[in-house]
Amino acid sequence: MTATLALTLGLAVLIGVSLGLLGGGGSILAVPLLVYVADLPPKEAIATSLLVVGATSAVGVLPHARAHRVRWRTGLIFGLAGMTGAYAGGRLAAYVPAGVLLTGFAVMMLATAVAMIRGRRAAEGRPVPHELPVFRVVLDGIVVGLVTGLVGAGGGFLVVPALALLGGLPMPVAVGTSLVVIAMKSFAGLAGYLSSVQINWGLALAVTAAAIVGSFLGGRLAGRIPADLLRKAFGWFVVVMGIFVLAQQLPPAPGLALAAVGALATAGTVTVAVWGRRRRGHSGQQRLGHPVREHIGTGVER
């Protein structure tokens, strides 16, 4: 085993850990890993990442299903709609330059990183639906699937917020249901890519196996690490990776300038959002006559 392959497999474990802990993040890690470490062409890396993430998600959904944290009707409808969009995105990618795909991937990384760092506002008092409205599930599924199939990203970190915000699903249920959707969309996107891309199946299966091992590790760690703290730390990591990938697609001087602007803009957006949320929370607690306390939550909305 060469040093490059060993490093690739070792880092692939992090893909599974991310899926096991957060219900997403697989492609955000897999594409840079396959492009910059395994030295695959961008389109082959995206196609391979869809296989890795799809298989890992399919295995990762099992413990959530046993714990009754999956909305099967919502997940299957969202997944079927997402498969349509993902297959179309995979076919469309054959006509899009690789540099454009990686630039779109980097932009998606930054957008999802901001969403992760900001977190989600709790929806106290809202009833939790057993299943979500079919029309909205189909519409969101097609849009998210198209993004996933086209740039190989936007799986869990678009699906989980969509499920949580669309109908107020609790975070553990949104995570479990998202794995069903991610698996379906990833395999559909892969099918679209296979019409124009050749995959190194030996490397792909090895990386997939390592990611599956990581998913079991992530599942075991999920109850021991505060999910809110982990989500924010991972979000900042994704910011760094997104800026790196974006800078790689431009000439040296513009790339460095854009990376600096992107870093400042992302940091400013997050700072303003967090400051605003804390002020709102502070004001609300003062009005209720309670002292202000800082909580590090588990990432589960109650």
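The values are calculated or read from the model by the stated rules, or taken from the named source; none is laboratory data. In this text the structure is predicted, and so the values were computed from the model without any measurement. Cβ: placed from backbone, ideal geometry, glycine included. Neighbour counts: every protein chain shown.
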Quick check on F157: is it at pLDDT below 80 and among the aromatic types (F, W, Y)? yes
Would you mention how many residues in the stretch 198-240 are at pLDDT 85 or above, more than 16 Å from A30 (Cβ to Cβ) and in a loop (DSSP other than H, G, I, E, B)? 1
Going by what's in this entry, would T56 be described as polar (S, T, N, Q) and surrounded by fewer than 24 Cβ atoms within 10 Å (Cβ to Cβ)? no
Answer yes or no: is there a residue in the stretch 2-21 that is without any contact (Cβ under 8 Å) to a residue 12 or more places away in the chain and closer than 26 Å to V239 by Cα. yes
Within the stretch 66-84, the count of residues that are of a type in the set (G, A, S), buried (at least 16 other Cβ atoms within 10 Å of the Cβ) and more than 11 Å from V181 (Cβ to Cβ) comes to 0
